[in-house]
Structures are given as structure tokens and as C-alpha cells.
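All remarks here apply to the structure that follows.
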Amino acid sequence: MSISALEDNNPSQNRQDDFTQLVTTRRSVRAFLPDPVDPELLSKLFTLATSAPSNCNSQPWLTHVVSGASRDAMREALMRTIGEGEFVLDFPYDGKYTGVYRERQLDVGLMLYKALGVTREDKAGKRQAFLRNLEFFDAPHAAFIFMPDWAGIREAADVGMYAQNLMLSMRAYGISSCPQTILGYNADVVRKQLEIDSSQKLLFGISFGYADETRPENQICPARATLSEVTKFYV
Ligand SMILES: Cc1cc2nc3c(=O)[nH]c(=O)nc-3n(C[C@H](O)[C@H](O)[C@H](O)COP(=O)(O)O)c2cc1C
């Protein structure tokens, strides 16, 4: 894993096309097949993720991956706590967006509810959609992404880069994922399940595995703002 940037700095058209395809077709997937990912491939993907940049090369990510019995026990514990409204967040999140950010939030919410056949008044349907998060959308694996307890917003940026590396690496190997803030809604219960102490703070989780391509919730494609709305070039 020590290819120097200069040794390999000659991007071909194929590589550009492959990367464009990879990055533009990654989607948050919310229905998975039960088939587990090969353990050797798991090691490879989580190693690829670590090539992310970080402030001072501090690499402030600490990841715990549950599969098999540990995944089943975690699902059950999350349903029993978060599912009943018991929240303990290491990092506050009120999800109250305004303006254009609120519009984007509503757009994706409506898109997802429509795909699931959940109407505006359907409280039970909305609750069910929330609970699906805690079931890892039936994914056979979930990664819980922590930071050391001293870490703050700068390190969260590092961890975001690590997580995107991870999800794109997965995509390159045909594995789908969904990053989930909801999986961090009860950090104490996650720590208890993993038998770790509060020196690790939970940022979010990622469910992953092979997508169930037949499911309607996997057909949605949330829009992006135009380039000029989010980027200004200066000369
Ligand atoms: C840090 C983070 C947390 C997220 N949390 C959730 C979540 O708890 N549940 C969920 O269904 N989607 C969650 N998402 C997925 C977003 O809804 C999704 O990325 C966004 O709508 C854009 O869609 P796309 O990922 O398919 O391109 C999260 C995404 C990120 C980056």
C-alpha cells in the first residue's frame, strides 16, 4: 500500500471513465440481500479506506464492524433502545434544516416515502421506515465509526473522507452501503454491545452488503444542486 503518487501519476482515459462511473453511481442503498461479504474482501475494503487524508495524518477513525451473531445482537439492542425513543448521542444532531437545506431534506424524504408507498399522514409507515435503519435495512454487516474522545469538528472532517473512501471502495467491488446518523442515536448501547469504553465517541454507522436491486427504495436517485449553486471559481 505504498505506491507513491509520483510513481503512478499518469491517469488514463479508462481510469477517468471508471472513476466517473464509480463516484456518480454510488447511492445510499436501503434494502440488502442476506449474502455476507467475504472476510478477506472486508479486510481489503477497510484497508483501502485508511488511505484517506487527515489533519496531521492523525487518522482519527476507529471502526467496529458487526457481522453474524454480533450484528444480530446489535440490531436487537438498537431496536430495544433507539426504537423506543431512548437516545444518547455523542454529537448532537437536531436535523432541523432551513431554507434550501430544508428543501433538499424534504425532497429526499418525499422521494423515499413515495418509493415505499408511505403517505404524508401515514405515521406507522414513517415509523417503520425509521425502524428499518435499526435493522440495517437487512444488511449482513454494519460498521460503527468512532473517533477518540478528544476529537472534534476537524477530525470529523477526516472521518468523513475515510468513510467516503470506504463506500467508494465498496462500490468498486460491487458492494452497496448506506451511511446512517441514526445508528449513532444511542452511543451507550453501541459501546455496551461492542464492549468498549467512552474513550471512543460514535459519529455514525454504515450498513453494507449486496443490494437487493428489486426493491423500490433502491430505485431513488436524489438530485444534486447545480455546480454554480455550490461552487465559485475565481481568476
Ligand atoms: C453522515 C451521513 C448520515 C446519513 N444518515 C442517514 C440515515 O440515518 N438514514 C438514511 O436512510 N440515510 C442517511 N444518509 C443518507 C443520505 O440521506 C443520502 O446520502 C442523501 O440523501 C443523498 O443520497 P445518495 O447517498 O443516495 O446519493 C446519511 C448520509 C450521510 C453522509
- Query: Looking at the chain from every direction and averaging, what is the projected area of its Cα convex hull in nm²?
  - Reply: 15.6
- Note on the structure: In whole percent, the Cα-Cα distances of the stretch 165-235 spread across 5 Å bins from 0 upward as 3, 12, 14, 15, 16, 16, 12, 7, 4, 1, 0
- Solvent-accessible surface (1.4 angstrom probe) belonging to V108, in square angstrom, nearest 10: 50
- Whenever you get a sec, compute what percent of the accessible area on the chain sits on carbon and sulfur atoms (1.4 Å probe). 54
- Message: For K232, what accessible surface area do you get with a 1.4 Å probe? Give it in Å², rounded to 10.
- Response: 150
- For the stretch 207-224, in residue order, the Karplus 3J(HN,Hα) values (coefficients 6.51, -1.76, 1.60; θ = phi - 60°; whole Hz; Gly and Pro = x) are 7, 7, x, 8, 5, 8, 5, 7, 7, x, 5, 8, 9, 7, 9, x, 6, 10
- Message: If you scale each eigenvalue of the Cα gyration tensor by 5 and take the root, what three semi-axes come out for the stretch 72-133, rounded to whole angstrom and sorted largest first?
- Response: 23, 18, 9
- Query: Taking the chain as a Gaussian network, Cα atoms linked when under 10 Å apart, which of Y101, Y93, Y113 shows the biggest mean-square fluctuation?
  - Reply: Y101
- Just flag the GluC sites (Glu not before Pro) in the stretch 1-101 sitting in loop per DSSP whose Cβ has no more than 10 other Cβ atoms within 10 Å. E7
- Listed by chain and number, the aspartates and glutamates with an alpha carbon less than 14 angstrom from that of K201, same-chain partners under 8 positions apart left out, are D90, D149, E155, D188
- Query: How much area per residue is accessible in the chain when the probe is 1.4 Å and only protein heavy atoms are counted (Å²)?
  - Reply: 60
- Query: In a shell of Cβ-Cβ distance under 13 Å around L78, excluding L78 itself, what net charge do Lys and Arg (+1) and Asp and Glu (-1) give?
  - Reply: 0
- Can you tell me which of 17-24, 171-178 comes out highest on packing, and rank the rest after it, using the mean Cβ neighbours within 10 Å? 171-178, 17-24
- Note on the structure: Using alpha-carbon positions, the gyration tensor of the stretch 130-193 gives root eigenvalues a ≥ b ≥ c; with a/c under 1.5 called rounded, otherwise prolate if a/b exceeds b/c, else oblate, the class is oblate
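The values are calculated or read from the model by the stated rules, or taken from the named source; none is laboratory data. This one's a predicted model, so the numbers in the text were calculated from it and none came from an experiment. Don't worry about glycine lacking a Cβ; one is built from the backbone with ideal geometry, like all the others, and counts go over all protein chains shown. With ligands, DNA and RNA removed, areas are computed over all heavy atoms of the protein, side chains included. Shrake-Rupley method; radii C 1.70, N 1.55, O 1.52, S 1.80 Å.
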